[in-house]
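So the structure is just underneath, and the comments pick up after that.
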Amino acid sequence: MNKSVRVRFAPSPTGALHIGGVRTALYNWLLAKKTGGTFILRIEDTDQTRFVPGAEEYIMEALKWLGISPEEGVFEGGPYGPYRQSDRKPMYRQFAEQLIADGFAYYAFDSAEELDALRKQNESEGKTFKYDASTRLSLNNSLTKSEAYTKEKIESGDYVIRIKLPADEQIVFTDLIREEVNYSTHDMDDKVMLKGDGMPTYHLANVVDDYHMKITHVIRGEEWLPSTPLHIFLYRYLGWADAMPTFAHLPLILRPDGKGKLSKRDGSKFGIPVFPLNFTNPNNAEDIALGFREWGFEPEAVLNFLALLGWHPSDEQEIFDLEALVSVFEMERVSKSGARFDFDKARWFNQQYIFKMSDKALAQKMKPYVEAAAFEEKVCDEYLEGVAALMKERVEFVKEFPEKAYYLFKAADYSLMMENEGKDFEKKVGKGWDSTKKSMFEALNSKLSGISDYKTAAVQSAVEGFINDNALKFGDVLPVLRLAVSGTMKGPGVFEMMELLGREEISLRLSTFFKFCDNFIAKN
Ligand code: GLU
């Protein structure tokens, strides 16, 4: 029987979670859902110097907002806890010591200054210093020092434990995305596994935890690919080769201009969000993260956008809700090459999701923004549904409704119309406005006021009838009507807007507009 899938997202709480991290979480989550497996959140905080207060909560909140929360984790608990590495600290030492006992690791005592001096000296000779099979026997460690010296150092806690890698061994493994990957220990070094204070490094803690948490698939960013051969050695040396997880390394996310990796700083640089939520680093007030949530994105749109950042289905389909993603997502279809972070595409997804939303749901989402805009006229939910129906294909973000549909919430603003579309007004209405026109439109206004059932179709047929009866053209009447109703040539169908705004409001707008046109003629 196949083992059930267990995947983990293992961020370090060093600040706001970069959007690349969110994509890693999503792909892990998708694989877990697709296979009926378990999605785990593990906090990797062994590097206490980089810890940022609030980062853990931020990660949890971001996943929750997106709807991809873990089943096991720091806050959820679970059978393989604790899920925060600093809370697991006592576990790690025994494995480092086991490596030593089995001849796969050694104690090293070189001071930071000594290693630094070696690095500098190598550099000046155009070489790179590596602590490895070629150098370790000339360095300060338990392989070169006496037993008594070693014992003394261990007792004082003044040591690290380093893995002992073979001099020149090829290591080949299969990555779900990159297929066969090849490394040589020649290019690797004897990395530190544990420090004298008992704190493990990322590598040891990561492997020990993956093993104990029964992780079946390690899905993470491409930057961890070079660490994988080391992790494979650890599995072998600790006797866990049979439990080796499958590895999958996700492609980089590239900057919007395609030039290099998208970094945390690119958010402020390009003025776009590269984080799920806003966050201000309490250790550094200049480190401000712009979030997709606060920008106004719908979580489903963000997930859809992120899913396609590096993965693509077998056809051209682009819109997938979470359920659809679960069913079509395949790790094997994740690409090897970097994916460009195209913010316009993210906006497009948001627009698509708004367009797909029911008028009822959209009305509820719009409500707080409309309330915040504090229009004089209060409107009911049903009215907001009407606004949603007319405007949903015209906004990218829900927060735009009050501004983009302002004329559905307050009187049309004809001075704004002049600012934006003055030329249109002059050409289509203003220059030809005279008393004959005015009385004709006044007649139309009174005809419209007399409609018994003020619905789109009735309003339309009244206007069409009027055009025919007076042997006019559509172009003689519709621009006037539209500008009078909304103060803009853009926007939803004029008859639909008339139904929503209602008889009295339309009648008032028409007469106000006629006065505006009179004034225009008087001034020009
Ligand atoms: N703690 C690592 C990170 O911050 C996790 C890498 C991994 O998934 O193994 O990305």
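The values are calculated or read from the model by the stated rules, or taken from the named source; none is laboratory data. The structure presented is a predicted model; accordingly, all values stated were derived computationally and were not measured. FYI the Cβ positions are ideal-geometry reconstructions off the backbone, even for glycines, and counts take in every protein chain you see. SASA here: full protein model, heavy atoms, side chains in, ligands and nucleic acids out. Shrake-Rupley method; radii C 1.70, N 1.55, O 1.52, S 1.80 Å.
Just to be sure, is residue 166 away from the ligand (no atom under 16 Å from the Cβ) and modelled with pLDDT of 95 or more?
The answer is yes for residue 166.
With respect to the conditions (1) open to solvent by less than 10 Å² (accessible area, probe 1.4 Å); (2) within 16 Å of the ligand (Cβ to nearest atom); (3) not polar (S, T, N, Q), residue 72 falls short on a single one, namely (1).
The set of residues from segment 236-267 being aromatic (Phe, Trp, Tyr) and in contact (Cβ under 8 Å) with a residue 40 or more places away in the chain comprises 237, 247.
Looking at 64, 3, can you tell me which residue is among the basic types (Lys, Arg) and farther than 24 Å from residue 232 by Cβ?
Answer to the check: 64.
Restrict the check to segment 162-181 and report whether at least one residue is of a type in the set (S, T, N, Q) and open to solvent by less than 50 Å² (accessible area, probe 1.4 Å).
No, because not a single residue in segment 162-181 is of a type in the set (S, T, N, Q) and open to solvent by less than 50 Å² (accessible area, probe 1.4 Å).
Would a scan of segment 271-278 turn up a residue that is at positive phi, touching a Leu at 6+ places or on another chain (Cβ under 9 Å) and of a type outside the set (Asp, Glu)? The answer is yes; a qualifying residue exists.
Residues that are out of contact with any Leu (no Cβ under 9 Å at 6 or more places or on another chain) and closer than 19 Å to residue 482 by Cα within segment 378-401 comprise 393, 394, listed in sequence order. Just one residue in the set 320, 355, 343 is among the hydrophobic types (A, V, I, L, M, F, W, C), open to solvent by 80 Å² or more (accessible area, probe 1.4 Å) and within 26 Å of the chain's Cα centre (by Cα); that residue is 355.
Checked against the criterion of being away from the ligand (no atom under 11 Å from the Cβ) and surrounded by fewer than 19 Cβ atoms within 10 Å (Cβ to Cβ), segment 10-21 has no qualifying residue. When segment 223-245 is filtered for residues that are within 15 Å of the ligand (Cβ to nearest atom) and either surrounded by fewer than 16 Cβ atoms within 10 Å (Cβ to Cβ) or over 25 Å from residue 4 (Cα atoms) (or both), the ones remaining, listed by number, are 223, 226, 227, 230. Looking across segment 196-207 at every residue that is within 10 Å of the ligand (Cβ to nearest atom) and crowded, with 22+ Cβ neighbours inside 10 Å, the one that is nearest to residue 107 (Cα to Cα) is identified as 205.
When you check residue 142 against the structure, is it modelled with pLDDT of 95 or more, touching a helix residue (DSSP H, G or I) at 6+ places or on another chain (Cβ under 6 Å), open to solvent by less than 70 Å² (accessible area, probe 1.4 Å) and of a type in the set (Ser, Thr, Tyr), yes or no?
yes
The listed residues are 92, 83, and the only one of them that is within 14 Å of the ligand (Cβ to nearest atom) and either open to solvent by 30 Å² or more (accessible area, probe 1.4 Å) or out of contact with any Cys (no Cβ under 6 Å at 6 or more places or on another chain) (or both) turns out to be 83.
For segment 208-219, does any single residue satisfy the condition of being buried (at least 17 other Cβ atoms within 10 Å of the Cβ), within 11 Å of the ligand (Cβ to nearest atom) and in a helix (DSSP H, G or I)? Scanning segment 208-219 turns up at least one residue that is buried (at least 17 other Cβ atoms within 10 Å of the Cβ), within 11 Å of the ligand (Cβ to nearest atom) and in a helix (DSSP H, G or I). Selection of segment 27-57 for residues being open to solvent by less than 10 Å² (accessible area, probe 1.4 Å), within 14 Å of the ligand (Cβ to nearest atom), in a helix (DSSP H, G or I) and over 26 Å from residue 192 (Cβ atoms) yields 27, 28. Which of the following residues is within 16 Å of the ligand (Cβ to nearest atom), more than 28 Å from residue 91 (Cβ to Cβ), touching a residue at least 12 places away in the same chain (Cβ under 8 Å) and open to solvent by less than 20 Å² (accessible area, probe 1.4 Å): 275, 292? Unique residue meeting the criteria: 275. Residues of segment 503-524 that are over 11 Å from residue 449 (Cβ atoms), in contact (Cβ under 8 Å) with a residue 12 or more places away in the chain and of a type outside the set (Lys, Arg): 512, 513, 514, 516, 517, 518, 520, 521, 524.
Residues in segment 364-407 that are open to solvent by 80 Å² or more (accessible area, probe 1.4 Å) and acidic (Asp, Glu): 371, 376, 377, 382, 393, 403.
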